[in-house]
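The values are calculated or read from the model by the stated rules, or taken from the named source; none is laboratory data. Worth saying up front: this structure is predicted, and the values here are computed from it rather than measured. Glycine gets a Cβ as well: all are built from the backbone with ideal geometry, and neighbour counts include every protein chain shown.
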Amino acid sequence: MSTESGSPSQFVRSGVASAWNALRTVYYANSVSWRILKAGALVFLGFFVWAGSNILHSVQPGWNFLTYPMAYGFLLILYGPIHHVVVIPLALRWRRASGVRQSIGKRMPNGGLALFLLAVLLLGTFPAGPMAIDFASALEESGVDVAPDMHCVKSEGGTIHCHLSDSAGVDHVVVESGGTELVTDADPPFEFDIEESNVQTVLGERKFTVRLLDEDGGLVRRYTRRTAMISEG
Amino acid sequence: MLDLATYDYDDDGFRTCGVTGLRIHKSAEDMVKLFGVTSIVALAVGGAFALFVAMTRWEVIGLLPPGDFYQYLTIHAWYLLIFWMVFMEIAILYVGGPFVLGRRLPLKRVSGAGYGLMVLGAAIITWGTWTQELPNQAPLLTSYVPLKSPTSFYLGVDVFLLGAVVAAVPFLASIWQEKRETPNQALPLIAFGAFITSIVALEALVGGLITYVPTLLWRAGFLEHLDAAWYRQMYWIIGHGSQQINLLAMITIWYFLTHVLGGAEVASEKVSRTAFVLYLFFINLGAAHHLMSDPAVSTGWRMWNTSYAAYGAVIASMIHAFAIPAGLEVGRRRKNKGGGTFGWLWSAPWKDPGFSATILSIILFGFLGGTTGVMMGQMQLNMTWHNTLATPGHFHATVATGTTLAFMGLGYYVLRLVFGRDWIGGILATIQPFLYAGAMGLVCLMMMYLGLLFGVPRRHPSVMDIPGSAFDFAPSKPFFAVFGIAALLAILGGALFVVVAVGTLLFGSEYDGTLPEETPLPDGGASATDGPDSKAAHAFSMRGTFILTMVFFLTFVVLYALNWYLLSQVWTIGP
């Protein structure tokens, strides 16, 4: 360390003071472009902190401290732009006035920040509403995944025999080819036969579609099979 | 259109730009106008189709039926990822070559032929896509074999790619002529960047022809079979390579516009040139991440491309990420444009849409596009990104914010310095880059969240009701709402650019040559340190840039750690 820089502690102090001044300058930068830039940056930071905390909390539900960064990010999206587009410009204008306005102008930025932090503490302690998103619940709360295998074999006589590996969650099965319904099977375990000669050529290939439907007629699964690809059994 | 300019030329066809000091020949200027305006037309068409795509994916609106979605998405992708970009990139080559070197454009007829082929190719692609019927599929950008698209589509792609190669020839000829005349003199940095861009471009375009000519022959019935794995590997030479052209062209513009508009200097010529050379060797290997989920490539191939080679490209990006703001800081400190840590930054001409578009391009590309590109380009992290909406989120951050904003910035100054017309719209021109950048940035962020946090797939018109599936994307609806609203605002911001550009061309008054800063040096600022009284660039403080770079690194580290952490939660390792 050179003598011009003083002692290490002076160096650190001047570095911290310089950083603090730089931060204050950014904080009070008040041209229209900079207000927009700061507001935009805080919206992005807010989204990042909010979503990042939520996703971490979803995989580590025991980390309850994450509700505070969650609340910080969530409120920052809303309040960050207001603070830099409205509060600070207004405060700087009122500081140049006199009386009550000047007094309010001097306290408004810190007051706004204090209210903001209070809201963060409250919302972090009592997380509610759209602030908390449980990414893990989507899978757990939804219905059963119905995905049975469908096996088909072709006999020498040109009959195609198909069956499902599992019929749970399926009410009936409809087989179609080229817009024509070939078979409707409402009896579990859903084994059915179709004649290859009845399978129509669609887009250059003979193929048929098997639709698994639930009791309301809603589509559960759909399979398309090309006859050329079905092995002979 | 070529007569819309307000400038006069001397008997040799040259004029000297009153702002940049560049000696510009009419032949080069004419073609820059032609390619530049055509690219803006492509932006307008692609942007209009963005409305249909975004309003379909926002399922509350659900604008298009599933049958039409892919077709509209195809037009959107080709017009914005290819036509808007490549037409503008040819213009950039002519700026970086003949403009900067003070030469006439050699082989102007070849340039015209290239332009004609590109327009013809674009028209055939559009027609082929728009009129396709079963058994053909809308090709989107990838047109993966063996899915069949119209024969005319493949023909159009070949014609377009050939046109782009032909249009690049006059630029290469100008570099050749320059080096023949001054063999011992280095190219100016902007010309050097454009030259590296052209090499990467030729790699991509020739790779595209090697891919699409056999594909055309296959579709036309001359080849019976085309291997799908071969196609995918070859396709990504052009598929991702075309986007690497964007990257290099964009960075060249960053150097150019921060100098012309903000008074930036080149902090270190050698370092910046080295970074361009690193791109030359490593950037195209970044395409490998598209094949990470394919069975056909070996583990060694994956590891080499997504780690070792990727580092070469990432180091280059890091160098530019420091060098460009550092150059701006040094240049402005030298001119006493603001003291303190960040005075140089907020005294900058933020009301100038050319400048603000450039800086917003740098910021958004770095924070959103660059970081995510590095993460999803890794072999392991790619597993959580692949084929989710986060992938389009990434490339919208690179192309739709980074490159598009840089091209918009350049477009503003093509209007002023090439057409000699001042912008109409006043405040509208000033706010346009902020509106577009902010909204488009949010669109990208939402796409990444939807893809990464919810696993929402890309390319599907609807995901809220997948029959029989345990997947339920309903919790993602609020994010889709932000996405949809931000997309509308972004399209409005993009449309505003087109309105200002076309309005300026038709109704703009003569540009008087004033800039927010003093006249820059025609060599890009490299000679600022040549004079006897000048101080070397590195003698100026770059502490503001250092702090900004540290903020960037910190963000990068947090994002990186978070992505790896999430990946580690996907599978439980051990008993």
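Checked against (1) assigned to a strand (DSSP E or B); (2) modelled with pLDDT of 85 or more, A:S197 passes all but condition (1). The single condition among (1) among the small types (G, A, S); (2) at pLDDT below 95; (3) surrounded by fewer than 23 Cβ atoms within 10 Å (Cβ to Cβ) that B:A429 does not meet is (3).
For the stretch A:62-84, residues that are surrounded by fewer than 16 Cβ atoms within 10 Å (Cβ to Cβ) and either touching a residue at least 60 places away in the same chain (Cβ under 8 Å) or assigned to a helix (DSSP H, G or I) (or both) total 4.
Quick check: anything in the stretch B:473-480 under 27 Å from the mean Cα position of the chain (by Cα), more than 9 Å from chain A (Cβ to nearest Cβ) and of a type outside the set (G, A, S)? Steps first, please.
As a first pass, look at the stretch B:473-480 and keep what is under 27 Å from the mean Cα position of the chain (by Cα): B:479-480.
So of that shortlist, the ones also more than 9 Å from chain A (Cβ to nearest Cβ) come out as B:480.
Add one more test, that the residue is of a type outside the set (G, A, S), and what stays is B:480.
Checked against the condition, which is being under 27 Å from the mean Cα position of the chain (by Cα), more than 9 Å from chain A (Cβ to nearest Cβ) and of a type outside the set (G, A, S), the stretch B:473-480 yields at least one hit.
Collect the residues in the stretch A:2-60 that are over 16 Å from A:H83 (Cα atoms) and among the aromatic types (F, W, Y), keeping them in residue-number order. A:F11, A:W20, A:F47, A:F48, A:W50, listed by residue number.
What is the residue count in the stretch A:19-48 for residues that are within 10 Å of another protein chain (Cβ to nearest Cβ) and in a helix (DSSP H, G or I)? Count: 19. Take the residues of the stretch A:25-58 that are within 15 Å of A:Y79 (Cα to Cα) and among the β-branched types (V, I, T): which is farthest from the chain's Cα centre (by Cα)? The selected residue is A:I36. The single residue among B:L445, B:L452, B:L435 that is of a type outside the set (D, E), farther than 27 Å from B:E89 by Cα and either within 12 Å of another protein chain (Cβ to nearest Cβ) or not in a helix (DSSP H, G or I) (or both) turns out to be B:L452.
Residue count for the stretch B:112-144 under the criterion of being surrounded by fewer than 22 Cβ atoms within 10 Å (Cβ to Cβ), among the β-branched types (V, I, T) and under 28 Å from A:L203 (Cβ atoms): the result is 4.
Just one of the listed residues (B:L205, B:L209) is over 26 Å from B:A316 (Cα atoms) and either within 19 Å of the chain's Cα centre (by Cα) or without any contact (Cβ under 8 Å) to a residue 60 or more places away in the chain (or both), namely B:L209.
Taken as a whole, the condition of being in contact with a Lys or Arg (Cβ under 8 Å, 6 or more places away or on another chain) and without any contact (Cβ under 8 Å) to a residue 12 or more places away in the chain does not apply to A:A91.
Going by the structure shown, is B:G327 in a helix (DSSP H, G or I), more than 10 Å from chain A (Cβ to nearest Cβ) and not acidic (D, E)? Steps first, please.
Details: in a helix (DSSP H, G or I): yes; more than 10 Å from chain A (Cβ to nearest Cβ): yes; not acidic (D, E): yes.
Yes.
Condition check for B:D422 on (1) farther than 30 Å from B:S27 by Cα; (2) more than 12 Å from chain A (Cβ to nearest Cβ); (3) in contact with a strand residue (DSSP E or B) (Cβ under 9 Å, 6 or more places away or on another chain): one failure, at (1).
Residue-level check: of (1) within 30 Å of B:F479 (Cα to Cα); (2) more than 8 Å from every other protein chain (Cβ to nearest Cβ), A:V16 misses just (1).
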